[in-house]
1. Please turn the phi angles of the range 44-50 into ³J(HN,Hα) values with the Karplus equation 6.51 cos²θ - 1.76 cosθ + 1.60 (θ = phi - 60°), one per residue in order, whole Hz, x for glycine and proline.
2. Kindly identify the range 181-332 as rounded, prolate or oblate by the Cα gyration tensor criterion: order the square roots of the eigenvalues as a ≥ b ≥ c, call it rounded if a/c is under 1.5, otherwise compare a/b with b/c, prolate if a/b is larger, else oblate.
3. Which residues' amide hydrogens lie under 5 Å from the amide hydrogen of A11, considering only partners 5 or more residues apart or on another chain, with H built in the peptide plane?
4. Residue by residue, what Karplus-based ³J(HN,Hα) values in Hz, rounded to whole numbers, does the range 398-409 have, using 6.51, -1.76 and 1.60 with θ = phi - 60° and x for Gly and Pro?
5. Relative to the longest principal Cα axis of the chain, at what angle does helix 345-356 sit, 0 to 90 degrees, rounded to 10?
6. How large is ³J(HN,Hα) for each residue in the range 109-126, as worked out from phi by the Karplus curve 6.51 cos²θ - 1.76 cosθ + 1.60 (θ = phi - 60°), to whole Hz, x for Gly and Pro?
7. Give me the extension gain from W122 to S350: residue separation times 0.36 nm, minus the current Cα-Cα distance, reported in nm with one decimal.
8. Within 10 Å of each candidate Cβ there may be at most 15 other Cβ atoms; applying that plus a DSSP loop requirement, which GluC sites (Glu not before Pro) in the range 245-354 survive?
Amino acid sequence: MITVDRKAPKALHRQIYDAYRTTIVDGRLRPGQRLPSSRILASELSISRFPVLNAYNQLLAEGYFESRVGAGTIVSRSLPDQPIASAATGAKRASALSGPRPVSRRSSILPPFERATWLQGWGAFGVGQVACDQFPLQIWSYLVARRSRNMDAKSFHYGESTGSMVLRETIASYLRTARALHCEAEQVAIVSGSQQALEISARLLLDPGSAVWMEEPGYSLARDVFVLTGCHLVPVPVDNEGLDVAAGIKRHRKARAAFVTPSHQFPLGVTMSASRRFQLLDWAQNTGSWIIEDDYDSEYRYESLPIPSLQGLDASARVLYIGTFSKVLFPSLRLGYVVVPLDLVDRFLSIRRAMDIGPPTFFQDVLADFISEGHFARHVRRMRVLYRERRSVLADCISNELGSRVEVLGGEAGMHLTVALPNGSRDVEIAKNAARQNLWIWPLSPSYLGKVSRPGFILGFGSTAVVDIPPAVRKLHRLLGAK
Ligand SMILES: Cc1ncc(COP(=O)(O)O)c(C=O)c1O
């Protein structure tokens, strides 16, 4: 940030002093931030150290800099956190904003970024939160340390756009046995979670104006991706057999794609029946459409064996299958995968390379070790027992506390269940109030594209310990207006 002009009439030490003072005053350097040593700055500016020392001494004397033993020189922590000249710079910025500032039409398709209250906290019923305290952190840390000790020149280079071959082979073999997929490692691409999988799939399959069937109610983050692509979204109702294929055909037979969560519909929790699965595959085959299968939490199934994937039934390679480690391990890992029909793999990868070249390699290697050394399977087994208990305690508490006032849907799998409220209930308002009391319930209404036919809540039980469930349900009861 600091430059000097040797030919300027102003002395070098004064130029350095002025440059630092300005950057601190207008907030580009903040209290506590480290500064380069006088020796390093002198060498970067290719000048002698004296003018730099002169400027530093002056800034120290005036209280802009502070010297800390062992930490070198920092911007004084006694300065205010806000830019000192915020009013002046604010005015300057406002005038800088007055010219034309064209942005893409796409950037205003979605409403401005706003964090919904119910997404912000950490407490009972948080959706998408896992039992972090039960994660085998010691083993994971050991594997991380082992991988970092063994890094070599290759580890620093670009990885493959597909993701690491070892991890892809491990995942392909897991999917063949655990999820009944038909797949080879060459069809598997590692991505940063389902969200990136959706983004690449949308760019691969859809054009602006393409019609896409969306489950109604459905997963709003998938909806956002298709909206950004300029697609025409066709809400297709979900009943107790999953997506109503006949209704979809009636609404828009020639849709280019359908987005579905057949193993555990989000948010209602229904499992798609076998007959609906065949209807959906038939439709895709007859109309030349694609199916995007989001299999986000199918490892956890409590009443029966895991339901085989839709992709495994697909005889005409029309399904793109998406999986994630967000639920089964932890979401900050940002690792997921897509199984792509063989003929689409190259196009998929060209798009992926243009987006971010490829996934970071380090945690792929750690994850491959975690799976191949048996820790993954052990963790899933343990978590299935733990989540089953949390789920049944939650279902019992809801039934005892709330009785017939609500209907519980879809607790057979995953880490959330859904509670349907009587029509007209103001679920968003209740969720906002709940968040103020440390209950992180998601309202159902925002999951609808069209008219809300069923208000209610999504309750995550992944991170809520058994002892915390009864008091949290009592709190929920009070929020609903106990009778
Ligand atoms: C339907 C659905 N798909 C996927 C995910 C996971 O997304 P990601 O892999 O991007 O973390 C979630 C998380 O809540 C979800 O609800």
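1. Coupling constants for the range 44-50: 5, 8, 6, 10, 6, 7, 4 Hz.
2. rounded
3. It is none; the list stays empty.
4. Karplus values, whole Hz, x for Gly and Pro: 5, 5, 5, 8, 9, x, 7, 5, 9, 10, 8, 10.
5. For 345-356 against the chain, the angle is about 30 degrees.
6. Ordered by residue, 3J(HN,Hα) equals 5, 7, x, x, 4, 8, 8, 5, 3, 6, 9, 8, x, 10, x, 4, 6, x Hz.
7. In short, 78.2 nm is gained.
8. E303
No lab work stands behind these numbers, since they all come straight from the coordinates. Predicted, not measured: the structure shown is a model, and the values here were computed from it. Positions of Cβ are backbone-derived with ideal geometry, glycine not excepted, and every protein chain shown enters the neighbour counts.
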